[in-house]
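Enquirer: Mind having a look at this structure? Questions to follow.
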Amino acid sequence: MKNFLLFIALVSFSFASAQITTNAGTFNKPGEGETAFEFNFMPNLDGTTMFTDRANVMMRQFKSDTKAVRWTASLNVADTGEEGSDMTYGVALGYGIENHLAGAERLSTYWGYGGSLGYEDMGGTDEAGEDLDGSVTVGVGVFLGADYYIIPKVYVGLELGYGLGVASQDDTSWGLDGGVTGMMRVGFRL
């Protein structure tokens, strides 16, 4: 319930700050030479844990008023705390291109494409008692999204993407999977 009230307060604050202006006018969308940093995550709406999946950090560098390059990184570490259990971890790096559309003064819309490379070690042993090998993943995807500036240079946004990935666990096994993801974003521009 506390988390729901926090979300309502954030939404209320964004609407209350609708008339904020700066010395340069009101709000402006990102332009050539600007850099943005953000944290994106997937909220869990089924009532269990607050967030699902791993959280990512991203840096976006605007090469022009309509193009941006993005770099993403994520790290996921977990341990059950049980005696004799192995710690698990995963790391991923990504690169992408964003194409920004006209949008509006406070709304920056975009679409893009990108790729990622990741490694995950799930720990544990197989049925024969041998240690499991880590999994290497290579992925590609397309996405579209929108950022809404709640105050100058600070934004919240949503992004929807579709990706395909190939994972290899050892020399002989591999898998292909795909899926749609929705992410919430909170970020700021320098």
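Enquirer: Among the numbered criteria (1) over 18 Å from ALA36 (Cβ atoms); (2) modelled with pLDDT under 90; (3) among the polar types (S, T, N, Q); (4) part of a strand (DSSP E or B), which one does THR172 miss?
Expert: Of everything listed in (1) over 18 Å from ALA36 (Cβ atoms); (2) modelled with pLDDT under 90; (3) among the polar types (S, T, N, Q); (4) part of a strand (DSSP E or B), THR172 misses just condition (4).
Enquirer: Please verify whether GLY115 is modelled with pLDDT of 85 or more, buried (at least 16 other Cβ atoms within 10 Å of the Cβ) and either among the small types (Gly, Ala, Ser) or more than 18 Å from MET42 (Cα to Cα) (or both), treating the condition exactly as stated. Please lay out each step first, then the result.
Expert: Working: modelled with pLDDT of 85 or more: yes; buried (at least 16 other Cβ atoms within 10 Å of the Cβ): no; either among the small types (Gly, Ala, Ser) or more than 18 Å from MET42 (Cα to Cα) (or both): yes.
Judged against the criteria, GLY115 is not a match.
Enquirer: Can you name the residue in the stretch 138-152 that is touching a residue at least 60 places away in the same chain (Cβ under 8 Å) and assigned to a strand (DSSP E or B) and is also surrounded by the most Cβ atoms within 10 Å (Cβ to Cβ) among such residues?
Expert: The extreme case among them is TYR149.
Enquirer: Is it fair to say GLY134 is more than 20 Å from GLN61 (Cα to Cα), modelled with pLDDT of 75 or more, surrounded by 13 or more Cβ atoms within 10 Å (Cβ to Cβ) and out of contact with any Ser or Thr (no Cβ under 7 Å at 6 or more places or on another chain)?
Expert: When the stated conditions are applied, GLY134 passes them.
Enquirer: Another one. Quick check on the stretch 44-78: of everything there that is of a type in the set (Gly, Ala, Ser) and at pLDDT 70 or above, which residue is farthest from TRP111 (Cα to Cα)?
Expert: Per the criteria, the residue is ALA78.
Enquirer: Regarding PHE41, is this residue modelled with pLDDT under 80, surrounded by 12 or more Cβ atoms within 10 Å (Cβ to Cβ) and under 22 Å from VAL154 (Cβ atoms)?
Expert: Working: modelled with pLDDT under 80: yes; surrounded by 12 or more Cβ atoms within 10 Å (Cβ to Cβ): yes; under 22 Å from VAL154 (Cβ atoms): yes.
It is true that PHE41 is modelled with pLDDT under 80, surrounded by 12 or more Cβ atoms within 10 Å (Cβ to Cβ) and under 22 Å from VAL154 (Cβ atoms).
Enquirer: Looking at GLY129, GLY182, which one is assigned to a loop (DSSP other than H, G, I, E, B) and at pLDDT below 80?
Expert: Criteria check complete, one pass: GLY129.
The values are calculated or read from the model by the stated rules, or taken from the named source; none is laboratory data. Predicted, not measured: the structure shown is a model, and the values here were computed from it. Glycine also receives a Cβ, built like all others from the backbone with ideal geometry; neighbour counts cover every protein chain displayed.
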